[in-house]
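The values are calculated or read from the model by the stated rules, or taken from the named source; none is laboratory data. All of these numbers come straight from a predicted model, not from anything done at the bench. No Cβ is skipped: glycine too gets one built from the backbone with ideal geometry, and neighbour counts run over all protein chains shown. For the accessible areas, the whole protein counts, side chains as well, though only heavy atoms, and no ligand, DNA or RNA atoms are used. Shrake-Rupley method; radii C 1.70, N 1.55, O 1.52, S 1.80 Å.
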Amino acid sequence: QVQLVESGGGLVQAGGSLRLSCAASAPTFINYAMGWFRRAPGKERDFVATIDWSGGRTYYADSVKGRFTISRDNAKNTVFLQMNSLKPEDTAVYYCVLRFGSATAYVSDYKYWGQGTQVTVSS
């Protein structure tokens, strides 16, 4: 049974930074990709970033490139999302995701989801 627990959300002013963390309970003998999606009020879930098992491959949504950085610590089964230069349009519930296999940007590829953490950016 895979469980994902996010932390690090909160309220920040525009231009500020936040760091999200997600701890996974997953079999460590199986390679898995992890990532982040987000859902803004009244919108569908959108891809944010993903990282493969080795950490050598990362993918970002165009809207966050250059501002967000995804990383992982496999020894701790944890993925991080460093968010800088935050904008009001980044306000959303952020979900940690995991899949066994390669990293993708498609919501339907991810079977395992965390409960979400709220990020609110004030103008």
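So, of the residues in the stretch 71-109 that are closer than 17 Å to S25 by Cβ and more than 12 Å from the chain's Cα centre (by Cα), which turns out to be most open to solvent (accessible area, probe 1.4 Å)? Going through the qualifying residues, I end up with K76. If you take the residues in the stretch 1-46 that are within 12 Å of the chain's Cα centre (by Cα) and acidic (D, E), which one is least open to solvent (accessible area, probe 1.4 Å)? Within the stretch 1-46, the match that is least open to solvent (accessible area, probe 1.4 Å) is E6.
Here the stretch 47-62 is the region considered, the condition is being within 19 Å of L98 (Cα to Cα) and free of Cβ contacts under 8 Å to residues at least 24 places away in the same chain, and the residue that is least open to solvent (accessible area, probe 1.4 Å) is G55. When K65 is tested against (1) surrounded by fewer than 17 Cβ atoms within 10 Å (Cβ to Cβ); (2) within 15 Å of the chain's Cα centre (by Cα); (3) closer than 20 Å to D109 by Cβ, only condition (3) is not met.
The criterion of at least 1 residues that are of a type in the set (D, E) and either at positive phi or modelled with pLDDT of 95 or more (or both) is met, among strands (runs of 3 or more DSSP E) falling completely within the stretch 8-123, by 45-51.
In the stretch 11-28, the residues that are within 12 Å of K76 (Cα to Cα) reach residues that are open to solvent by 30 Å² or more (accessible area, probe 1.4 Å) with C-beta atoms within less than 7 angstrom, at least six apart or across chains, in these pairs: S21/S7; S21/G8; S21/F80; C22/V5; A23/V5; S25/Q3.
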